[in-house]
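Structure first, then comments.
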Amino acid sequence: MAANVYASATEDDQGPWTSGSVTIDCPDVGSRLTSVPDGAGEEVDRELALLDQQIAAAYQQLQASAQAVRDDAGFADNAVMNPLKEKRAATIERIGIAIDRVADRPEGLSDLAACTLRTADDNAGEEAGGNGGDGQDQGDGQDQGDGQQGGDGQQDNGGDGDGQQGDGGNGGQAGNGPVAADFVDITTVQPAQQAADPGAGPSQGTFATSCGVNANGLFNSDNVIVAPGVTNGAHHFHDYVGNQANDAFASDDDLANGETTCVDQGDKSTYYWPVLRLQNGTQEQDAQSPGGGIEGNAGEIVTPKEVTLTFVGNPRSEVTAMPRLLRIITGDAKAFVNGTANANASWSCTGFEDRQLKDKYPLCPNGSDVVRSFSFQSCWDGNNIDSANHRTHVAFAAADGSCPAGFKAIPQLVQRIVYDVDAPSLQDGGRTTPLFAVDSFPEQLHKPVTDHGDFINVFDENLMNEMVDCINEGRTCGAGGDNGGGDNGGADNGGGDNAGGDNGGADNGGDNGGGADQPGQGQDQGQDQGQDDGQEQPPAQNPEEPQTEPAAGGAGSADTPRTAEPRVYTKPSAKATEPAAENPAKDTPAQGTDAKGEIGTPATADPDEAPNQNENQNPAPDQSPVAADAGDTPAVVPAPQAQGGLAETGANLWPAAAGALLLIGGFVVLRRSARSS
């Protein structure tokens, strides 16, 4: 298999083969676990995170082994793929044992250990033209026409001069995508077919919440839904708006007591999504950290120009209140290798939002901004706030708006994020105008189909009931709506008529990304920055001030999820007990400590796993190295401290002052002696 993959990767005679032109395709164990008993949930989550870490480490090893693979095509199987299978088999067996203790393990788990190699342009028959999914009514009814722009993209995205693009033709600043074939001119895309209109049924209202654009810069590479208690569980960075206590260790109480960036303080929900980056050579604070540059997520993080969060109704029935702490994930972060069954990304451009893309990034004309949008699942099973695979407790409505048997309609979150980024120059691989892409798991190659969004409902009960009444009564409410807000309503951030009133976006592109006629998706929505939403945003970090990056590497096996303090960039964790100083970056808790500044629990070295491949990396400048041995508690990296003080200055200067006085006295004695003589 490896020999065939590598042979095909070199047939284009574009130069030496690099491992960046292949990726690793592993069965997604988590999606197969539709039922996990409560007593095994914590252990299963930890082992699932370990599987993700194993794949990421194997992909990095594959990238680093280009020369060895060129010399010996069997190297990949012997050094990467077979060891990966063995590690996965041991981890999957531990999942089975954990479930066995309290119930019967699912059948066929052991069959999921083996992974395969595939070329980066092999979309497994899913991505090209795979616009919809399996009965979830997400589709926009159009054929995207894979390869409309840029051919296979391999010859343009090599790069060898400015360091902005990877070598070997696989694009991107880190050499693992995106490529030219991931982009398409939005003007060549056909308008989407219209779907059921929630504004025409018994629940016609809309409710907007305005929570800013993450101008304060809260990022981490955790995912508290999928990998609770595991640092870097997402392997890519997220923007967070709303609740400011969200990290891998956030409990339900932490979220309930957290601060919120939302205008209406009754909304402490957390909304998060992968950051968008420009592949322009910029070294962000996470450039040398897991989740960031170490895992192929490189370049300048772009702050959204606008974020609109709108809850809409159902065309067939009234909606019922969401249960508190309901978790919903829409889209699939692994859709490039998993296929598009759960994909729910939608990309477009302002002024063209009747044309939606699922597996391409849009090339927008001058004066038009990039738009990414999600329509979350709007049917709930009536019992559970989460499920083992984080999907089966919620569902998408059918084309006519009906929910599956036993499910009830809830307000549907429609999320729209706008970016002021220029169309990249594909002809030179993004050197003139840089490529852009969302963060992803490293082996997912920054494909747009992997885009996804996460939501945890932390509305207070009264505000949730107001939302339900508003939607069922056909009113426009929320931040900036007709039920209040005024100057504090966030109209410039998509509230009021812009977030689901008269500007309802009739041709707004399929159920996926805010289906046709869904309110809150109009093309003429306000383009003002989210900081105009009536709330006071924390000041942006001063770029002139020195910044402290978390140390690279870390403790524990390369395949053991670390349960230390998550990396929160630019601002400290909302749960930190110490007040934030003027320069938040200097006061971010060092990795290896928990949110209260205590030493984190060291990761237990897995006897089945290899030593940490990153443990010998050089630390970033001005960083103290962390413990190198597997299982050691990461060393606390102190923040740089300003030198001196009044007392210290006086202590250092008094000997010099005394010497100066003695010198002056000597001159006086000499002068008098000269006069007397």
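If Asp247 passes every condition in (1) under 30 Å from Asn472 (Cβ atoms); (2) of a type in the set (Asp, Glu); (3) touching a Pro at 6+ places or on another chain (Cβ under 9 Å) but one, which one does it miss?
(1)
Residue pairs, Cβ under 6 Å, 6 or more apart or interchain, first in region 181-194 and over 17 Å from Ser368 (Cβ atoms), second assigned to a strand (DSSP E or B) and modelled with pLDDT of 95 or more. List them.
Close Cβ pairs (under 6 Å, with a partner that is assigned to a strand (DSSP E or B) and modelled with pLDDT of 95 or more) amount to Asp182/Tyr361.
Touching a residue at least 40 places away in the same chain (Cβ under 8 Å) and within 15 Å of the chain's Cα centre (by Cα), is that true of Gly299?
So Gly299 fits the description; yes.
Modelled with pLDDT under 95, closer than 29 Å to Val421 by Cβ and among the hydroxyl-bearing types (Ser, Thr, Tyr): is that true of Ser289 in this structure?
The answer is yes for Ser289.
For region 383-402, what are the residues that are under 24 Å from Leu309 (Cβ atoms) and of a type outside the set (Ser, Thr, Tyr)?
Within region 383-402, Asn384, Ile385, Asp386, His390, Arg391, His393, Val394, Ala395, Phe396, Ala397, Gly401 meet the criteria.
Here is a check on your reading of the model: is Asn384 modelled with pLDDT under 95 and surrounded by fewer than 22 Cβ atoms within 10 Å (Cβ to Cβ)?
No: the conditions fail for Asn384.
Which one of these does Cys379 not meet: (1) crowded, with 21+ Cβ neighbours inside 10 Å; (2) more than 19 Å from the chain's Cα centre (by Cα); (3) in contact (Cβ under 8 Å) with a residue 60 or more places away in the chain?
(3)
May I ask you to list the residues in region 299-320 that are in a loop (DSSP other than H, G, I, E, B), within 30 Å of Asn280 (Cα to Cα) and open to solvent by 20 Å² or more (accessible area, probe 1.4 Å)? Steps first, please.
Here is the first cut: in region 299-320, the ones in a loop (DSSP other than H, G, I, E, B) are 299, 303-305, 313-320.
Adding the requirement that they be within 30 Å of Asn280 (Cα to Cα) leaves 299, 303-305.
Within region 299-320, Thr303, Lys305 qualify.
Does any residue in region 17-40 that is under 20 Å from Leu445 (Cα atoms) and at pLDDT 85 or above come within less than 6 Å, Cβ to Cβ, of a residue that is among the small types (Gly, Ala, Ser) and buried (at least 23 other Cβ atoms within 10 Å of the Cβ) six or more places away or on a different chain, and which pairs are these?
Going by the 6 Å Cβ cut-off, the qualifying pairs are Thr23/Ala120; Ile24/Ala58.
Of all residues in region 265-284 being among the polar types (S, T, N, Q) and within 25 Å of Leu62 (Cα to Cα), which is nearest to the chain's Cα centre (by Cα)?
Checking each candidate, the answer is Gln279.
Just one of the numbered conditions (1) in contact (Cβ under 8 Å) with a residue 40 or more places away in the chain; (2) assigned to a loop (DSSP other than H, G, I, E, B); (3) within 30 Å of Phe459 (Cα to Cα) is not true of Asp354; which one?
If we test Asp354 against (1) in contact (Cβ under 8 Å) with a residue 40 or more places away in the chain; (2) assigned to a loop (DSSP other than H, G, I, E, B); (3) within 30 Å of Phe459 (Cα to Cα), just (3) comes out false.
Of (1) part of a loop (DSSP other than H, G, I, E, B); (2) open to solvent by 20 Å² or more (accessible area, probe 1.4 Å), Gln427 satisfies all except one. Which?
Going through the list (1) part of a loop (DSSP other than H, G, I, E, B); (2) open to solvent by 20 Å² or more (accessible area, probe 1.4 Å), Gln427 breaks only (1).
hydroxyl-bearing (Ser, Thr, Tyr), out of contact with any Leu (no Cβ under 7 Å at 6 or more places or on another chain) and not in a strand (DSSP E or B): which single residue out of Thr340, Thr330 fits that description? Outline the logic, then answer.
Details: Thr330 fails: not in a strand (DSSP E or B).
Of Thr340, Thr330, the one residue that is hydroxyl-bearing (Ser, Thr, Tyr), out of contact with any Leu (no Cβ under 7 Å at 6 or more places or on another chain) and not in a strand (DSSP E or B) is Thr340.
Quick one: in region 338-362, of everything that is closer than 24 Å to Pro442 by Cα and open to solvent by 20 Å² or more (accessible area, probe 1.4 Å), which residue is farthest from the chain's Cα centre (by Cα)?
Ala341
Collect the residues in region 453-501 that are within 25 Å of Asn246 (Cβ to Cβ), out of contact with any Leu (no Cβ under 8 Å at 6 or more places or on another chain), at pLDDT 50 or above and assigned to a loop (DSSP other than H, G, I, E, B), keeping them in residue-number order.
Once the filter is applied, which keeps residues that are within 25 Å of Asn246 (Cβ to Cβ), out of contact with any Leu (no Cβ under 8 Å at 6 or more places or on another chain), at pLDDT 50 or above and assigned to a loop (DSSP other than H, G, I, E, B), region 453-501 yields Asp460, Ala479, Gly480.
Please go through region 29-73 and pick out each residue that is surrounded by fewer than 21 Cβ atoms within 10 Å (Cβ to Cβ) and of a type in the set (D, E, K, R).
If the condition is that a residue be surrounded by fewer than 21 Cβ atoms within 10 Å (Cβ to Cβ) and of a type in the set (D, E, K, R), then Arg32, Asp38, Glu42, Glu43, Arg70, Asp71, Asp72 are the ones that fit.
The values are calculated or read from the model by the stated rules, or taken from the named source; none is laboratory data. None of the values given here were measured: they were computed from a predicted structure. As a convention, Cβ positions derive from the backbone with ideal geometry for all residues, glycine included, and neighbour counts pool all protein chains shown. Surface areas here come from the heavy atoms of the whole protein model, side chains and all, with no ligands, DNA or RNA. Shrake-Rupley method; radii C 1.70, N 1.55, O 1.52, S 1.80 Å.
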